[in-house]
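Take a look at the structure set out below.
Rule-based calculations on the coordinates, nothing more; no lab input. This one's a predicted model, so the numbers in the text were calculated from it and none came from an experiment. With ideal geometry, Cβ positions are generated from the backbone for all residues, glycine too; neighbour counts draw on all protein chains shown.
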Ligand SMILES: Cc1cc2nc3c(=O)[nH]c(=O)nc-3n(C[C@H](O)[C@H](O)[C@H](O)COP(=O)(O)OP(=O)(O)OC[C@H]3O[C@@H](n4cnc5c(N)ncnc54)[C@H](O)[C@@H]3O)c2cc1C
Ligand code: SF4
Ligand code: FES
Ligand code: FES
């Protein structure tokens with residue numbers, strides 16, 4: 001099967017049981033997306049599939065022939081600088097997922113027919129699929145809020 | 001995970017070979033395959049079928065394709081405008097990422113979150129018929145108070161399905177034997193003595209769409225969960241209400257996370273039609289439905305929870 005990852009086309013041969021997360025990490029050496037729970041419960045594995053944020057641990061790679069995936073390694077987005085500026089992390093394990101998720105979330109808000117106001121409460125709700133065991137939430141919200149305000 | 005072969009569905013009436021299962025967003029099925037609870041031999045991917053549109057129906061209603069992603073459904077302008085209960089329910093479920101993957105069809109057919117069901121090493125009448133139900137004496141805090149049986153007290157966990165139930169949704173299915181349609185409530189079976197039989201679909205029958213009738217009253221969804229977001233419901237209420245001159249002329253109510261299926265509260269509706277739209281009658285209506293509740297040691301709180309939710313949702317709408 002073919003998979004375009006961060007703009008590069010790869011031809012992969014894999015067991016059909018391989019998830020997108022394992023394909024990225026084990027077959028393509030892209031270890032940005034993290035395996036937290038492996039069951040859709042933490043968001044550490046979040047990547048962008050055709051520009052939309054998804055949990056790569058619950059997608060079978062075999063279903064994605066020809067699809068285009070962006071991982072944190074392929075991103076250059078203002079939200080990344082803001083995470084650094086505001087200490088949007090402690091251990092950093094959840095961070096690649098937080099970054100991909102916030103990029104997807106900002107895009108969803110921007111392309112909405114009736115764009116929401118991204119208050120802190122709204123950001124928290126929309127980012128609730130990304131858990132942070134270190135509890136860096138206040139700084140994560142701060143970082144996203146600054147990008148959203150622009 | 002047990003190994004399987006993979007193919008894509010090519011037509012709505014393709015059907016399924018023995019041992020095969022449809023795969024949509026995979027957010028429930030892939031999870032259960034990892035847990036060893038689902039062990040399909042063939043996965044038939046339905047996401048390449050042209051089922052991802054929301055279209056207007058001639059009677060003013062709406063047809064939602066089975067492949068429409070939950071996030072797209074919640075954001076659809078007509079769903080937001082005419083069926084707010086549905087938009088609210090979808091957005092109350094799961095997370096932004098999961099809603100981008102989850103489909104209408106898959107959401108309706110998702111399995112219970114009963115912890116014993118999700119653990120292939122435990123006895124459970126649903127995943128291993130005849131092995132018993134450890135939830136009865138064990139962890140049943142979030143299991144059913146209505147519609148359960150001595151064999152199983154699992155709850156259906158969907159938020160979306162509760163709103164669709166209150167909206168009188170009709171399910172369209174297609175299979176090798178032809179197409180048919182029926183009210184959403186008829187998709188689900190109560191456990192009785194056969195809790196491993198959950199749906200009325202024949203093997204190979206594909207959900208193609210869900211139809212909503214036009215012209216609803218005002219509507220809303222409220223969900224209570226153990227944390228602020230990204231958690232399954234402990235109890236929820238979907239309501240559609242029409243009030244004229246202080247009197248309830250039409251009401252449709254459905255409860256979530258309290259029964260093996262999204263629970264249409266017919267007794268409550270009956271008790272409320274023609275009554276004054278007051279908190280008093282809302283509570284009396286809730287009581288009429290909840291009189292049938294059979295709580296266990298740790299889930300009796302759901303009776304009070306649903307009672308108060310019914311009153312507050314209906315007060316908000318009247
Ligand atoms: C961490 C987590 C939290 C969640 N929280 C919530 C929540 O709060 N509220 C909520 O409502 N849900 C919640 N969910 C569940 C989620 O909504 C469902 O997993 C999802 O809707 C299933 O849709 P899917 O397309 O991914 O289905 P799949 O997993 O692909 O399929 C589910 C089932 O449906 C069958 N199927 C799929 N499409 C069709 C079709 N067209 N015709 C016939 N059969 C079909 C499949 O064979 C399978 O048996 C959560 C899930 C996770 C992992
Ligand atoms: S309640 Fe149902 S699903 Fe849960 S353990 Fe009992 S039989 Fe299994
Ligand atoms: S690893 Fe995918 S959600 Fe936790
Ligand atoms: S920074 Fe450690 S888990 Fe989020």
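Site pair residue A:68 and residue B:137 shows an inter-label distance of 5.9 nm when each label is modelled 7 Å from Cα along Cα→Cβ. Assign one of three labels to segment A:78-148, namely rounded, prolate or oblate, based on the Cα gyration tensor with a ≥ b ≥ c the square roots of its eigenvalues; rounded applies when a/c is under 1.5, prolate when it is not and a/b is larger than b/c, and oblate otherwise. It is prolate, given that a/c is not under 1.5 and a/b is the larger ratio. Restricting attention to the protein assembly as shown, close to 80% of DSSP beta bridges with both partner residues there are antiparallel. Each of B:48, A:35 was scored by other Cβ atoms within 10 Å of its Cβ. Listed from fewest to most, they are B:48, A:35. Taking other Cβ atoms within 10 Å as a rough exposure proxy, B:297, B:141 sort from fewest to most as B:297, B:141.
If R0 equals 25 Å, the separation of the Cβ atoms of residue B:218 and residue B:296 corresponds to a calculated FRET efficiency of about 0.10. For the pair residue B:247 and residue A:112, a Förster radius of 45 Å applied to the C-beta separation gives a FRET efficiency near 0.75, rounded to the nearest 0.05. Remark: mean inter-chain Cβ contacts per residue of A:37-44 equal 4, using a 10 Å Cβ-Cβ cutoff to other protein chain atoms. Spin-label pair residue A:119-residue B:42: with each label point 7 Å from Cα along the Cα-Cβ axis, the two points sit 5.3 nm from one another.
For the protein assembly as shown, the calculated P(r), taken from all Cα-Cα distances in 10 Å bins from zero up to the bin holding the longest distance, is 4, 20, 29, 28, 15, 4, 0 percent. What's the FRET efficiency of residue A:2 with residue A:150 using the Cβ-Cβ distance as r and R₀ = 30 Å, to the nearest 0.05? Plugging the Cβ-Cβ distance into 1/(1 + (r/R0)^6) gives 0.25. Restricting the calculation to Cα atoms, segment B:5-44 shows an Rg/Rh of 0.97 when the hydrodynamic-style radius is the Kirkwood one.
The listed peptides B:105-114, B:225-234, A:23-32, A:39-48, ordered by packing as a protection proxy, come out as A:39-48, B:105-114, A:23-32, B:225-234 (highest mean of other Cβ atoms within 10 Å first). Look at the stretch B:25-32: the mean tally of other chain Cβ atoms within 10 Å of its residues' Cβ atoms is 5. Taken over chain B, the alpha-carbon convex hull comes to 127 cubic angstrom per residue.
The overall shape of chain A is prolate: from the C-alpha gyration tensor, with semi-axes ordered a ≥ b ≥ c, the ratio a/c is 1.5 or greater and a/b exceeds b/c. As a rough footprinting exposure proxy, the listed residues B:33, B:101 were ranked by other beta carbons within 10 Å of their own, and the order from fewest upward is B:33, B:101.
The distance between label points at residue B:179 and residue B:304 comes to 5.0 nm (points 7 Å beyond Cα on the Cα→Cβ vector). Principal-axis analysis of the Cα atoms of chain A puts helix A:95-110 at an angle of about 70° to the longest axis.
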